[in-house]
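**Student:** If you scroll down you'll find the structure; I have some questions about it.
The values are calculated or read from the model by the stated rules, or taken from the named source; none is laboratory data. Source: prediction; values computed, not measured. Cβ placement follows ideal geometry from the backbone for every residue including glycine, while neighbour counts extend to all protein chains displayed.
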Amino acid sequence: MLVEMLCFAVFQLGMPRAEFACEQMPYVAAAAEKYHVEPEVLIALIRIESRWNHRAVSRAGACGLTQVLPRYTRKPRRSCRQLKVPAVSIYTGAKHLNKWIRKYGRGSLLKGLCGYNAGYTCGRRYNRRHAGWRYAKRVLKYARRIKKEIRKIKEKGYPLSNPEDFKTPDGQDDGC
């Protein structure tokens, strides 16, 4: 049920590549549960990092949906090619986000997201002009939008089954 609600919320928000995103929702939900990260935050992170383009590579060399730098992967070590596999990227990104929240952020989601994006340059104090903090706020803002859509779904009781139900008769995505 969670996967279906997340998928429906993604379509309702008009997220780019929503159909592909829905195909990945079982991995998102499983990785979020395994690494104790809210699935909405993980979806928002992927949306901000790669816009659901699993082949994305940044100028810095970060790869995949969650834009993880291969040189920082450990146990197991991941290559850019491996990180372009959606499930691998989602699990690796969730694992890294969990580490940043627990160790660097000491439980703070905002500081953990800042560290995920900018590393240890976030500093000990909040600086709203720092790019990492702006990134963290963008991710959290989008996560709140997803949560709001899920609340609407629960309240209205939308019939949920599969992504094909979210398309109009002409094949266009609803809400895009």
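**Student:** So, in segment 64-96, exactly how many residues are at pLDDT below 95 and surrounded by 23 or more Cβ atoms within 10 Å (Cβ to Cβ)?
**Tutor:** The number of residues fulfilling the criteria is 0.
**Student:** Could you check segment 139-156 and list, in sequence order, the residues that are more than 10 Å from Glu40 (Cα to Cα) and of a type in the set (A, V, I, L, M, F, W, C)?
**Tutor:** If the condition is that a residue be more than 10 Å from Glu40 (Cα to Cα) and of a type in the set (A, V, I, L, M, F, W, C), then Ile153 is the only one that fits.
**Student:** In addition: Can you tell me which residue in segment 45-61 is surrounded by the fewest Cβ atoms within 10 Å (Cβ to Cβ), limited to those that are farther than 18 Å from Glu23 by Cβ and out of contact with any Pro (no Cβ under 9 Å at 6 or more places or on another chain)?
**Tutor:** Arg59
**Student:** Same structure, new question: Residue check: is Leu2 more than 13 Å from the chain's Cα centre (by Cα) and either within 15 Å of Thr66 (Cα to Cα) or not small (Gly, Ala, Ser) (or both)?
**Tutor:** yes
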